[in-house]
Amino acid sequence: MLKQRILTSLVLAPLALALVFYTPLTLFSYFAGAIILLGAWEWSAFMNLCDKVKRGAFVVLIAALLFALNLHWPIESLWQNNRLVGDANYLFTLSFAWWIVASYLVWRYPAMAKAWNEGLIMRGIAGLLTLIPLWLALNTLRSAQYSESTHFGSVLILVVLGIVWSADVGAYFSGKSFGKHKLMPKVSPNKTIEGLVGGVVASMVFVVVFCYFAEIKPALWPVYAVMTALIALFSAVGDLLESMFKREAGLKDSGSCLPGHGGILDRIDSLTAAAPMFVICYAWALSL
């Protein structure tokens, strides 16, 4: 298993860097859409859709929505005068509201499971609110200040990935070393409160170090550190939300397309929450 994880990572890492840094904007948007559609296929299993036709129908629904949103918000038009276009903010506000609700659903699991698990529509809506804002967030970050620097948005994506990864690493080591109090044992038995705190602290340290090397004004470091803590907390909710849906569906992994890693959703679960929250914080920080 470990060998498979390492080999898969060695293949995926350069491909991900090439996608983020060297693909034209439109092509990047299409690749991001393809990742979302793979995630949609896996999410359809959370909906207990065993028939491939029904699972495909859910993927087609997501594809149609992405197509419509791409017509309305082409990746090249998401920023105007260094400001996020007004109506795109509505979707990110909806995403923020969804992750607040998702936090409550995770916190109250399994008591609240009947509120969403009995209805196919509710689980489908949860999938829409989890996956589609991620696509828009990736497009928004990649196209930021593109006319000034074609790689500025790529760096932003690496920052949000760094927040997620540092939070995961910090949570793992602090949980192993100090973990005594279970975080959500009915959702994910191995996660601890100490691990969550360690992950948040690690992500804050990562961002402060990035600010130092990026020569960002020290006066802004505390603001960015606080925003990072918020993003890291929501990334943990994204992870727990997928664990909750997998548990209800009786699945160990969301899929098997990534040897040693499981499915696409197993790799991007934290990012589904972190990326939209990062966009919200970044757009707000531009006004400082």
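The values are calculated or read from the model by the stated rules, or taken from the named source; none is laboratory data. As the structure is a prediction and not an experimental result, all values here were calculated from the model. FYI the Cβ positions are ideal-geometry reconstructions off the backbone, even for glycines, and counts take in every protein chain you see.
If we keep just the residues of the stretch 1-34 that are outside any helix (DSSP H, G or I) and either β-branched (Val, Ile, Thr) or modelled with pLDDT of 85 or more (or both), which is farthest from residue 266 (Cα to Cα)?
24
Would you be able to say whether some residue in the stretch 202-223 is crowded, with 23+ Cβ neighbours inside 10 Å, free of Cβ contacts under 8 Å to residues at least 60 places away in the same chain and either among the polar types (S, T, N, Q) or part of a loop (DSSP other than H, G, I, E, B) (or both)?
yes
Counting only residues that are surrounded by fewer than 12 Cβ atoms within 10 Å (Cβ to Cβ) and part of a helix (DSSP H, G or I), which one in the stretch 35-59 is modelled with the highest pLDDT?
It comes out as 53.
Regarding residue 193, is this residue out of contact with any helix residue (DSSP H, G or I) (no Cβ under 6 Å at 6 or more places or on another chain) and under 16 Å from residue 234 (Cα atoms)?
yes
Tell me which residues, restricted to the stretch 162-191, are among the polar types (S, T, N, Q), in contact (Cβ under 8 Å) with a residue 40 or more places away in the chain and closer than 19 Å to residue 252 by Cβ. Can you show your working first?
Step one: filter the stretch 162-191 for residues among the polar types (S, T, N, Q), giving 166, 174, 177, 188, 190.
Filter again for in contact (Cβ under 8 Å) with a residue 40 or more places away in the chain, leaving 166, 188.
Residue satisfying the conditions is 188 alone.
Identify all residues within the stretch 112-133 that are more than 20 Å from residue 59 (Cα to Cα) and in contact (Cβ under 8 Å) with a residue 12 or more places away in the chain; write none if there are none.
Residue satisfying the conditions is 113 alone.
When you go through 236, 275 one by one, which is the residue that is buried (at least 19 other Cβ atoms within 10 Å of the Cβ), in contact (Cβ under 8 Å) with a residue 40 or more places away in the chain, touching a Pro at 6+ places or on another chain (Cβ under 9 Å) and not in a loop (DSSP other than H, G, I, E, B)?
Result of the check over 236, 275: 275.
May I ask you to say which residue of 100, 75, 62 is on the phi < 0 side of the Ramachandran plot, exposed (fewer than 13 other Cβ atoms within 10 Å of the Cβ) and not acidic (Asp, Glu)?
From the options 100, 75, 62, the qualifying one is 100.
Failed condition for residue 251, given (1) part of a helix (DSSP H, G or I); (2) surrounded by fewer than 22 Cβ atoms within 10 Å (Cβ to Cβ), with all others met?
Of the numbered conditions (1) part of a helix (DSSP H, G or I); (2) surrounded by fewer than 22 Cβ atoms within 10 Å (Cβ to Cβ), the odd one out for residue 251 is (1).
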